[in-house]
Number of protein chains: 2
Amino acid sequence: MENNWLDQPCAALNETAGLQALERQGQLTKPPGALGQLESVAVILAAMQGAEKPQVDRVQISIFAADHGVAAEGVSAFPQAVTGEMVKNFARGGAAICVLANSLDAKLEVVNLGTVNDPGDLPNVLRAVIAASTANFAVEPAMTKAQLALALQAGRDSVLRAQQASVQLFIGGEMGIANTTSAAAIACALLQESPQLLAGPGTGLDSHGVAHKAEVIARALALHGLSGDEPLDVLRCLGGFEIAALTGAYLAAAQHGMPVLIDGFITTVAAMLAVQINPDVRGWLLFAHTSAEPGHQRVLDALVAKPLLHLGMRLGEGSGAAVAVPLLRLACSLHNEMATFAEAAVSGKI
Amino acid sequence: MENNWLDQPCAALNETAGLQALERQGQLTKPPGALGQLESVAVILAAMQGAEKPQVDRVQISIFAADHGVAAEGVSAFPQAVTGEMVKNFARGGAAICVLANSLDAKLEVVNLGTVNDPGDLPNVLRAVIAASTANFAVEPAMTKAQLALALQAGRDSVLRAQQASVQLFIGGEMGIANTTSAAAIACALLQESPQLLAGPGTGLDSHGVAHKAEVIARALALHGLSGDEPLDVLRCLGGFEIAALTGAYLAAAQHGMPVLIDGFITTVAAMLAVQINPDVRGWLLFAHTSAEPGHQRVLDALVAKPLLHLGMRLGEGSGAAVAVPLLRLACSLHNEMATFAEAAVSGKI
């Protein structure tokens, strides 16, 4: 399994379209800047799509599900069986992201990368099983190099499907019991921060549980002795299949010029990995929301990211990104459809 | 003109439906609390609508336009003619709120309460002209008692039309050059705060302009000598026809049991007036966004309000509330359509 594609350059943003969009914003019948972040997001989308009037009608949400060996350390408030059970819930349309995708008329795909409680073949679920779970990174590397390559490629494959379908916005989501432990460990390694700062309650640990989680991460960091400038090693030793798939997806999206909307803590950590692998990825990322998971803000700061929403969400599944989609759509509608001062014969500023 | 209706009691919230909705939230396939404010908003809507599964499909946005005599003091970055010009822009569908209402499939009504630059009869605009503008409150009371009564009633009439149309959510918006000066003056009187704290740039004043605006407000407060516990006097002396209409609309909505989504600075000041007139109004108010207008946070704090959005918007027209409508709709969809742990056979917390 080769990962030569990782080194391909990212697509260039279209600065001309971005400048045209910026000029248009200044002509619309409103005080300059009065639409706040809805203005900047329209301008950024214009530069991404190479169109003065951007659109995000066609949205793909790809959910990557995978189990984590580190769950054996007792770092989650929910049993490991939930990963597979939730894949079934995705298949039947009962999960939050299914309801959101349906409401948004977005294409939802679920990719099963390996669950201990294997749900088998299911409608609406792609099987790309790498192993039943990663290894327990508290005692050994989470993945082999071959597994890492497969997981990165699985994410890229989702983006290639999105490109085939002329998708205008890609959202990645994840499901995997114990994956905030993996994400926090990766963030600690990349940012050289302490686990006490970046380990949080995840799906609902109490303070004792959070302290234990931080201890497990500290042990793993000591074991692997990683430096922050080896993102693929960090990902292989501490990651999950779904986090690697998200990393691969974001890299591929930037390479193919597809705008990405980042969800919460885990996806932002994957985004940080992708940006460390290729800094030009950053230009293709929009950020949807600030999660209630306390480590998220630190990771957002590292990416100089200012999300649109702050609703105290902490569900994963791409749900925070999905909730932000209507804001992107309204930003585009306002940008594309409002009258200019000249068209409406409205007087300008004194 | 009588305003006896102001004393009518507000409708009661349905606590049973609220508790049923709260219980349902705890059964949905997600960690408890993981949807953040989207959970609480669904529960509050359930209590407002008396339904375990609330809905906000049918939305009415009523924009009240009016001119302000205090514009003569040079307190706005835009000329007074813009109020009437924007009413024309509303009629032709070019304003931000028109684009938003169209995108949301919401009913938009524009009520012209009086503009100096009178656009006359227009399609899609209701004429309820009280006078060409209020008087300049820096030198005399803005309104007579009869004008105040007409303006309050105009707002109530909008809510009665919404009720006739079985609207599930009412949004009020405003257009009126100089109306952040009026709103800041009202807030100063009600909260006994200094104009320096509550006067802001509005549509784009520079620091010199903001200082002048604060001086004009200070002069008016000294002239009228109002106390904070006479909201109708405060409104009559310092308000605008559109602010009074919003106040009347919020009172009537609470009396008729219609959920209200509050927009930005000016509408929040109108909400504060309505709550001072009848504290039970507060239970019927949801708050959409925190405006970039610096005084907004202080007024939100006074109402113990935690808005959904913080996008740096400061346009008025009900635009911030309109942008929050998809969040309410998604909150309802998630609440109503997600599978429960039992339905999906997903394991609960350890």
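The values are calculated or read from the model by the stated rules, or taken from the named source; none is laboratory data. Since this is a predicted model, take the numbers as computed values, not measurements. Heads up, the Cβs are rebuilt from the backbone with ideal geometry, glycines too, and the neighbour counts pull from every protein chain shown. Heavy atoms of the whole protein, side chains included, go into the accessibility calculation; ligands, DNA and RNA do not. Shrake-Rupley method; radii C 1.70, N 1.55, O 1.52, S 1.80 Å.
Brief remarks on what is shown
- Distant-in-sequence amide H partners of B:Val59 (H built 1.01 Å from N, under 5 Å): B:Lys107, B:Gln168
- The B:Gln8 and A:Gln8 beta-carbon pair, evaluated with R₀ = 56 Å, returns a calculated FRET efficiency of approximately 0.25.
- Across the cross-link table entries A:Lys30/B:Lys88; A:Lys306/B:Lys306; A:Lys88/A:Lys306; A:Lys107/B:Lys30; A:Lys30/B:Lys213, which are compared at the Cα atoms, the separations over 24 Å belong to A:Lys88/A:Lys306.
- Interface residues, region B:85-112 - accessible area loss of 50 Å² or more versus chain alone, probe 1.4 Å: B:Glu85, B:Val99
- From largest to smallest, the equivalent ellipsoid semi-axes obtained for region B:141-247 from the alpha-carbon gyration tensor read 27, 17, 11 Å.
- Here the contact order of region B:11-131, divided by its residue count and restricted to Cα pairs under 8 Å and six or more residues apart, works out to 24 percent.
- The mean number of Cβ atoms from other chains found within 10 Å of a Cβ in peptide A:329-341 is 5, as a whole number.
- B:Lys349 accessible area, assembled protein chains, probe 1.4 Å, Å²: 110
- Across the identical copies, how the B:Lys306 labels are spaced - nm, sorted shortest first, 7 Å along Cα→Cβ: 2.4
- Excluding ligands, DNA and RNA, the accessible surface per residue across region A:310-350 is 28 Å² with a 1.4 Å probe.
- Dipole magnitude of region A:59-327 about its Cα centre (Cβ charges: Lys, Arg +1; Asp, Glu -1), debye to nearest 20: 340
- Each peptide in A:287-293, B:293-299, A:256-262 receives the mean, over its residues, of other Cβ atoms within 10 Å, and ordering these scores from highest gives A:287-293, A:256-262, B:293-299.
- Euclidean distance between Cα centres, region B:45-66 to region A:150-202, Å: 37
- Per-residue [θ]222 nm for the protein assembly as shown (sum of -39500 (n - 2.57) over DSSP H runs n ≥ 4, rounded to 500): -15000 deg cm²/dmol
- What the phi angles of region A:285-290 give under the Karplus curve with 6.51, -1.76 and 1.60, with θ = phi - 60°, is a coupling list of 10, 10, 10, 7, 8, 9 Hz, glycine and proline written as x.
- Helix B:265-277 vs. chain B, principal-axis angle (Cα, 0 to 90°, nearest 10): 80
- Cα-based shape type of region B:59-327, given that a ≥ b ≥ c are square roots of the gyration tensor eigenvalues and the cut on a/c is 1.5: rounded
- Loop trypsin sites (Lys or Arg not before Pro), region A:76-112, which have at most 12 other Cβ atoms in a 10 Å radius of their Cβ (DSSP): none
- Partner shielding of A:300-311 amounts to 2, given as the average count of beta-carbon atoms from other chains within 10 Å of each residue beta-carbon.
- Average partner coverage of A:35-41, which counts Cβ from other chains inside 10 Å: 6
- Normalised contact order of region A:110-158, rounded percent, pairs of Cα under 8 Å and 6 or more residues apart: 31
- Nearest-0.05 FRET efficiency for B:Leu303 and A:Glu343, computed from C-beta distance (R0 30 Å): 0.20
- The value of relative contact order for chain A, using C-alpha pairs under 8 Å at least six residues apart, is 24 percent.
- Association of chains A and B removes close to 4600 square angstrom of accessible area from solvent, both sides included, for a probe radius of 1.4 Å.
- Distance between modelled label sites at B:Thr144 and A:His212, nm, 7 Å Cα→Cβ extension: 7.6
- Share of carbon and sulfur in the accessible area of region B:122-214 stands at 55%, probe radius 1.4 Å.
- Estimated at the nearest 10 Å², the accessible area of A:Glu343 is 130 Å² with a 1.4 Å probe.
- Per residue value of the accessible surface for region B:76-196 (all protein chains in place, 1.4 Å probe), Å²: 34
- About its Cα centre, the dipole of the protein assembly as shown is roughly 420 debye, where the only charges are +1 on Lys and Arg Cβ and -1 on Asp and Glu Cβ.
- Axis of helix A:319-337 versus longest Cα principal axis of chain A: the two differ by about 10°, to the nearest ten degrees.
- B:Leu309 long-range amide H proximity, modeled H, under 5 Å: B:His289, B:Thr290
- These residues, A:Ile350, A:Ile177, go from largest to smallest accessible area, 1.4 Å probe, as A:Ile350, A:Ile177.
- Neighbour net charge for B:Ala211 - beta-carbon separation under 15 angstrom, K R +1, D E -1: -1
- Counting only Cα atoms, the size of the protein assembly as shown along its three principal axes is 79, 56, 41 Å, in decreasing order.
- Cα-centre dipole for region A:1-142 with unit charges at Cβ (Lys and Arg positive, Asp and Glu negative), debye to 20: 520
- Once the Cα atoms are used to define both axes, helix A:37-49 deviates from the longest principal axis of chain A by about 80 degrees.
- Relative packing of A:116-123, A:37-44, which averages over residues the other C-beta atoms within 10 Å, highest first: A:37-44, A:116-123
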